[in-house]
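Here the structure is laid out as structure tokens; the discussion comes afterwards.
The values are calculated or read from the model by the stated rules, or taken from the named source; none is laboratory data. Nothing here was measured: the structure is a model prediction, and the numbers come from that model. Positions of Cβ are generated from backbone atoms using ideal geometry, with glycine treated the same way; all protein chains shown enter the neighbour counts. Please note that ligands, DNA and RNA were not included when accessible areas were found on the heavy atoms of the full protein model with its side chains. Shrake-Rupley method; radii C 1.70, N 1.55, O 1.52, S 1.80 Å.
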Amino acid sequence: MTDGVHLYAASLSGVADRAWATRLAPHVSRAMIGGIAIDTQTRAAAGELHDRGRAEFLPTDPIGWVTRMTRAPRAVPMGVNIRACDPTAVSALGEAIDTSRVWVELNAHCRQPEMCAAGAGEHLLHAPEELAALVRAGVAAGATVGVKVRAEVDGVDLRTVARLVETVGGAFIHVDAMDDPAAVGRIASATGMRVIANNGIRTAEDIGRAVAAGATAVSVGRPSTDPDAMRQIAQAASMALVHP
């Protein structure tokens, strides 16, 4: 990717694997594979989602799958979005991957009832101490750990969540700001972590607004499967630094 604002590819469960990341290498600074459920509770939820028609990664050995998907050599820097509620599973993942190169992104973003009932996704925004325990587990294993969150969840102040994640060693917050674009600025002003702005990122103007609000990178999800769209967004990212 050319110089400019960092553009990441956000995970798409059932789509975002090693081959997907390799295709995106010319366009992005980092590709977040997954999301993948890594413990018993979230795998059961992912199975229910699969049964009602959602694309899901459900390998027999999820941690082995992540290790294979992120092994060196890599066409692009990588991360993995995980759905988890068990800190021991996060520790096991951190011990299995190349933590010096591969980021771990905890999913506090999914709003599917099955995943929330399992104790993952948006549930973690309402249970910040559980989220903090997962972050600690990944950090203790040597990983660069962050959290993907969704704006405008009733009863949740993302600034408080971000501060807690930072306190326990988190390195980044990935914000789906579709429902509240101003959330990027509020979170960026509340934390020293990297803030990645997601959703609605298509043009240099979109990227410039996110950077002006305090984002250190932007990400795209659905467009990552469209080569023409990715070329255009990558070009916009390369221009946004010059024309913020």
> So which residues in segment 81-91 are of a type in the set (D, E, K, R) and open to solvent by 10 Å² or more (accessible area, probe 1.4 Å)?
Replying inline: 86
> For segment 18-43, what are the residues that are under 18 Å from residue 64 (Cα atoms), aliphatic (A, V, I, L, M) and in contact (Cβ under 8 Å) with a residue 12 or more places away in the chain?
Replying inline: 21, 32, 33, 36, 37, 38
>> Please pick out the residue among 18, 54 that is open to solvent by 20 Å² or more (accessible area, probe 1.4 Å), modelled with pLDDT under 95 and touching a Ser or Thr at 6+ places or on another chain (Cβ under 8 Å).
In response: 54
> Would you say residue 228 is without any contact (Cβ under 8 Å) to a residue 24 or more places away in the chain and either over 29 Å from residue 157 (Cα atoms) or surrounded by 17 or more Cβ atoms within 10 Å (Cβ to Cβ) (or both)?
Replying inline: yes
> Restricting attention to segment 37-55, does a residue exist that is in contact with a Phe, Trp or Tyr (Cβ under 7 Å, 6 or more places away or on another chain) and not hydrophobic (A, V, I, L, M, F, W, C)?
Replying inline: no
>> Contact list please: Cβ distance under 7 Å, first residue in segment 201-216 and farther than 16 Å from residue 229 by Cβ and in a helix (DSSP H, G or I), second residue at pLDDT below 90 and among the small types (Gly, Ala, Ser), pairs at least six apart or on different chains.
In response: 208/240; 211/240
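One line per residue, one yes/no per condition, for (1) surrounded by fewer than 19 Cβ atoms within 10 Å (Cβ to Cβ); (2) touching a residue at least 24 places away in the same chain (Cβ under 8 Å); (3) of a type in the set (Gly, Ala, Ser):
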position	(1), (2), (3)
93	no, yes, no
111	yes, yes, no
129	yes, no, no
138	no, yes, yes
>> Checking residue 164 against (1) closer than 19 Å to residue 85 by Cα; (2) in contact (Cβ under 8 Å) with a residue 60 or more places away in the chain, only one condition comes out false. Which one?
In response: (2)
>> Given the condition open to solvent by less than 10 Å² (accessible area, probe 1.4 Å) and small (Gly, Ala, Ser), answer yes or no: does some residue in segment 62-80 qualify?
In response: yes
>> Kindly evaluate residue 44 against the criterion of being aliphatic (A, V, I, L, M), out of contact with any Lys or Arg (no Cβ under 9 Å at 6 or more places or on another chain), modelled with pLDDT under 95 and open to solvent by less than 70 Å² (accessible area, probe 1.4 Å).
In response: no
> Tell me, which residue of segment 99-109 that is modelled with pLDDT of 95 or more and either touching a helix residue (DSSP H, G or I) at 6+ places or on another chain (Cβ under 6 Å) or open to solvent by 40 Å² or more (accessible area, probe 1.4 Å) (or both) is farthest from residue 137 (Cα to Cα)?
Replying inline: 108
> Can you pull out the residues in segment 112-163 that are closer than 17 Å to residue 93 by Cα, over 14 Å from the mean Cα position of the chain (by Cα) and in a helix (DSSP H, G or I)?
Replying inline: 131, 132, 133, 134, 136, 137, 138, 139, 140
> Does any residue of segment 209-218 turn out to be farther than 17 Å from residue 33 by Cα, surrounded by 15 or more Cβ atoms within 10 Å (Cβ to Cβ) and either at pLDDT below 90 or of a type in the set (Lys, Arg) (or both)?
Replying inline: yes
>> Give me the residue from segment 167-206 that is surrounded by fewer than 24 Cβ atoms within 10 Å (Cβ to Cβ) and polar (S, T, N, Q) and, out of that set, nearest to residue 138 (Cα to Cα).
In response: 167
